[in-house]
Amino acid sequence: NKTNLVISGCKVSGNLNENLVLKAYNLLSNDFKLPQLTIYLHKQIPLGAGLGGGSADAAFMLCMLNSNYKLGLSTEELKKYALKLGADCSFFIDNKPSFASGKGEILNTIKLSLKGYYLVLIKPDISVETAMAYSLCTPQKPAVSLLDIAEQPPEEWKGCMKNDFEDPIFKIYPAIAEIKNKLYQKGAVYASMSGSGSSVFGIFNQQPELNNCFS
C-alpha cells in the first residue's frame, strides 16, 4: 500500500509524484509516522496563473497533517518544512498580508486592509511557465520601499508598486498587458499582473461595470 493522490477540478499535467501536495506528505512522513492515505485534491486555482495555487495546496497539506495527526509542529517549524517545498510556500502557513524577503522565506506581517474595495481577477486562456518567467525576470530595486508603498491606500500604488515580471511577460504575451490596460480604463485604482502571470487583478474603489468586456 502507498499514499495515493486523486485530483479533480482543473486539469493538472505532469507526474503526480511531483505534485506539491504529495511532496508535503512525503516530507513529513520522513520524520513522523503517518498512515497511508488517499488524498483528494480538488483544484480550482488554475495552473500558470501566478496565484500560488500549488504552493497554497502544499502549505495547507502540512497544516492539515500537523493538526489531524497531532504532530505538535509550531508555526515556525511548519514554515521550515514549507520552505523545502518552494520559496513561496511559507507565506501560506500564516496566510496573512506579509512583506517577504530573502527567497521569500523571511516574512514580516504588515497591516493591509482592502475593506470597502472591489477586487476583479482576470485569468486569460494563457498559462505562463513559472521557470521561464523567472529566467526572464530582472528584479529592480524600487525607488520607494514596498513597505512604505503598502502603507498608502491603493489609489497611491499606480506607478510605484511594480511587478518586475510584467515587462518580459508582456513582450511575449501582449494580451496580458491589454487586460491590465483595460482594467485601468474601467476605473481600477490599481492593476497588476499577479506573480509570474498570467492572471491580472484590478482594485476598484466602487463596484465596476465590466459588462462582459473580458469574455
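One line per residue, one yes/no per condition, for (1) closer than 14 Å to Tyr81 by Cβ; (2) open to solvent by 30 Å² or more (accessible area, probe 1.4 Å):
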| position | (1), (2) |
| --- | --- |
| Cys10 | no, yes |
| Asn15 | no, yes |
| Val21 | yes, no |
| Ala24 | yes, no |
| Leu27 | yes, yes |
| Asp31 | yes, yes |
| Lys43 | no, no |
| Gly50 | no, no |
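Go over the candidates Ile179, Ile149 one by one and state the one that is over 21 Å from Pro46 (Cα atoms) and not polar (S, T, N, Q).
From the options Ile179, Ile149, the qualifying one is Ile149.
Does Gly116 satisfy being on the phi > 0 side of the Ramachandran plot and surrounded by 15 or more Cβ atoms within 10 Å (Cβ to Cβ)?
no
Output the residues belonging to the range 12-59 that are of a type in the set (Lys, Arg) and either without any contact (Cβ under 8 Å) to a residue 12 or more places away in the chain or in a helix (DSSP H, G or I) (or both).
Hits for the range 12-59 are Lys23, Lys33.
Please work out which residue is modelled with the lowest pLDDT, limiting yourself to the range 183-204 and to residues that are within 28 Å of Ala56 (Cα to Cα) and in a loop (DSSP other than H, G, I, E, B).
The qualifying residue modelled with the lowest pLDDT is Gly197.
Counting only residues that are assigned to a helix (DSSP H, G or I) and in contact with a Pro (Cβ under 8 Å, 6 or more places away or on another chain), how many does the range 89-140 have?
Counting residues in the range 89-140 that are assigned to a helix (DSSP H, G or I) and in contact with a Pro (Cβ under 8 Å, 6 or more places away or on another chain) gives 2.
Which residue pairs have Cβ atoms under 7 Å apart, sit 6 or more places apart or on different chains, and have a first residue in the range 131-150 that is open to solvent by 50 Å² or more (accessible area, probe 1.4 Å) and a second that is of a type in the set (Val, Ile, Thr)?
Leu147/Ile110
The values are calculated or read from the model by the stated rules, or taken from the named source; none is laboratory data. Note that the structure is predicted; figures quoted are calculated from it, not measured. Glycine gets a Cβ as well: all are built from the backbone with ideal geometry, and neighbour counts include every protein chain shown. Quick note on the areas: whole protein, heavy atoms, side chains included, nothing else; ligands and nucleic acids left out. Shrake-Rupley method; radii C 1.70, N 1.55, O 1.52, S 1.80 Å.
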